[in-house]
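> One structure follows; several queries about it will come next.
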Amino acid sequence: MRGGNMRGLNLMALWRGLAGAEGGKGDRIVPPTGFTAQLTLFSAGAMAFLAVFALALALATGRLADRWSQELAGSVTVRVSAPVAEQEAEVQSALSILQTTPGAGQPRLLPQDELAQLLEPWFGPDMPVDALPVPALIDLPVTGDDFDAEGLRLRLEAEAPGAVLDDHTEWRRPLVSAAQRLRVLGIVSLVLIAAASAAMITLAAKAALAANLQVIRVLRLIGARDLTIATAFVRRFTRRAAVGSVIGTLAGMGGIALLPDASAAGGFLTGLGFQGWDWLMPLTIPLVAAGVGFLATRWAALKMLEAVR
């Protein structure tokens, strides 16, 4: 039978059929309406909508990990604990050491009102902080690459035994690790969304092919090539996937744009969005969806036409 040899149906030939006019002759094989069209449009749009948020999650958590790492690495804290009679002397001794530390900025002793704000989430606003044995806290900005935290720690132990250096390592490591894991989760979500889209489009394409088996057999009997038949399905479902993903992507970008700015509330979810050139990245989702639809429908058409003789 002419055109029945599936070995001639390669990717380049199929793409030429998509790009040229040859595939348009067989477009009438696929019904222009029906549940397959609605299923493909809906699944492509829904998956594109979710992909926008997964991409925003991956980008936002990446920025969050970098920001947390930079902010926590940009300063250290010195905690001074000593008996009341020796507290002032220990604080002054620690300040003099910090003022002569290479790579460090001007140290700042936190006043009582700032200490009260730090303790308020645990003790409440009415707790008399002055009556508590709260250690003195000194904030030391790191301004140079020659800052040696371990050397400063040893110097404080020798010259100011009541002063303890905290370089925020215990806080920074789990926070950055959590943000990086969320970024990986966002990337994995994008992969799963693409796989789910391929599965849904494959099912819809197989349903359309099965509904048109008699038409396919008749077309073969009158000499239609398998390339023409397969290209008809591939063209139609690729376009449906592209149109649905464009709608879903625009809806997802609109939803992201409606989220409050990170500066408005300062919470994590308020920073879930795109910044600058990141807004161009969701525009690649329809291209990926069209590619997924093309490959999924091609695979389904090849399998179905190979089985139908």
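> Order the following by accessible area, largest value first: L192, L182. Probe radius 1.4 Å; ligands, DNA and RNA are ignored.
Largest accessible area first, the residues go L192, L182.
> Turning to a different aspect of this structure: Given a Förster distance of 22 Å, report the FRET efficiency between I222 and F35 from their Cβ-Cβ distance, rounded to the nearest 0.05.
0.20
> From the Cα trace of region 173-256, what convex hull volume per residue do you get, rounded to a whole Å³?
Value for region 173-256: 99 Å³ per residue.
The values are calculated or read from the model by the stated rules, or taken from the named source; none is laboratory data. These numbers come from a predicted model, not from an experiment. Don't worry about glycine lacking a Cβ; one is built from the backbone with ideal geometry, like all the others, and counts go over all protein chains shown. Please note that ligands, DNA and RNA were not included when accessible areas were found on the heavy atoms of the full protein model with its side chains. Shrake-Rupley method; radii C 1.70, N 1.55, O 1.52, S 1.80 Å.
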